[in-house]
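The values are calculated or read from the model by the stated rules, or taken from the named source; none is laboratory data. Note that this is a predicted model, so its numbers are computed, not measured. Counting neighbours? That spans all protein chains shown, and the Cβs are built from the backbone with ideal geometry, glycine included. Each accessible area value is taken on the protein alone, full model and side chains, heavy atoms only, with ligands, DNA and RNA left out. Shrake-Rupley method; radii C 1.70, N 1.55, O 1.52, S 1.80 Å.
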Amino acid sequence: MERTLVLVKPDGVQRGLIGEVISRLERRGLKLTAAKFMMVSLDLAKAHYAEHVGKGFYEPLLKFITSGPVMAMVWEGPNAVAAVRQTMGKTNALEAAPGTLRHDFALQTRFNITHASDCPENGIKEIDLWFKPEELVEWQHDLDKWILE
Ligand code: CMP
């Protein structure tokens with residue numbers, strides 16, 4: 001089953017939106033596999049956002065993601081990457097569709113509440129970066145029989 005990394009970033013934590021994010025993903029039918037509430041070290045921030053080195057928003061992004069706690073999670077389900085990104089909406093909140101999390105709770109691009117892996121390969125890499133294998137919980141999601149064909 002596909003897995004994806006989801007972060008509730010410092011803006012989402014400060015605005016009290018951890019529960020909202022979790023609730024939307026739970027209601028969607030996805031399965032929570034791991035979670036930890038943590039401060040992000042500069043090293044982890046740099047490794048996570050390595051693809052953005054050199055871009056104008058890179059340095060402010062590092063400052064932002066290390067500025068307060070984040071809720072890091074792994075969510076699992078069929079096409080979990082696409083499903084979660086659909087629930088979050090486009091990175092730029094102004095382009096996010098009505099009803100998506102970013103449309104409903106954000107206005108711009110940096111303070112966009114969450115991060116979610118952008119493809120299954122990056123999902124695997126990002127989960128490996130943020131979680132130790134033993135932090136992933138194997139459990140039976142009994143509701144699957146009412147959600148998955
Ligand atoms: P995220 O999905 O975590 O991936 C990279 C992050 O960089 C993105 O969400 C935003 O928080 C931020 N970001 C991307 N593009 C811009 C931009 N043009 N201006 C400011 N921040 C950006």
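Just one residue in the set 39, 1 is at pLDDT below 95 and open to solvent by 30 Å² or more (accessible area, probe 1.4 Å); that residue is 1. Looking at the structure I just gave you, is residue 138 out of contact with any strand residue (DSSP E or B) (no Cβ under 9 Å at 6 or more places or on another chain), open to solvent by 60 Å² or more (accessible area, probe 1.4 Å) and modelled with pLDDT of 95 or more? Taking the combined requirement at face value, the residue does not satisfy it. Contact annotation: residue pairs with Cβ atoms under 6 Å, 6 or more positions apart or on different chains, pairing a residue in the range 57-84 that is of a type in the set (Gly, Ala, Ser) with a partner that is open to solvent by less than 20 Å² (accessible area, probe 1.4 Å), are 67/10; 68/10; 72/7; 72/130; 77/30; 80/4.
The number of residues in the range 87-128 being open to solvent by 60 Å² or more (accessible area, probe 1.4 Å) and either without any contact (Cβ under 8 Å) to a residue 12 or more places away in the chain or more than 14 Å from the ligand (Cβ to nearest atom) (or both) comes to 8.
Within the range 50-74, being closer than 20 Å to residue 119 by Cβ, within 8 Å of the ligand (Cβ to nearest atom) and open to solvent by 50 Å² or more (accessible area, probe 1.4 Å) holds for one residue alone: 55.
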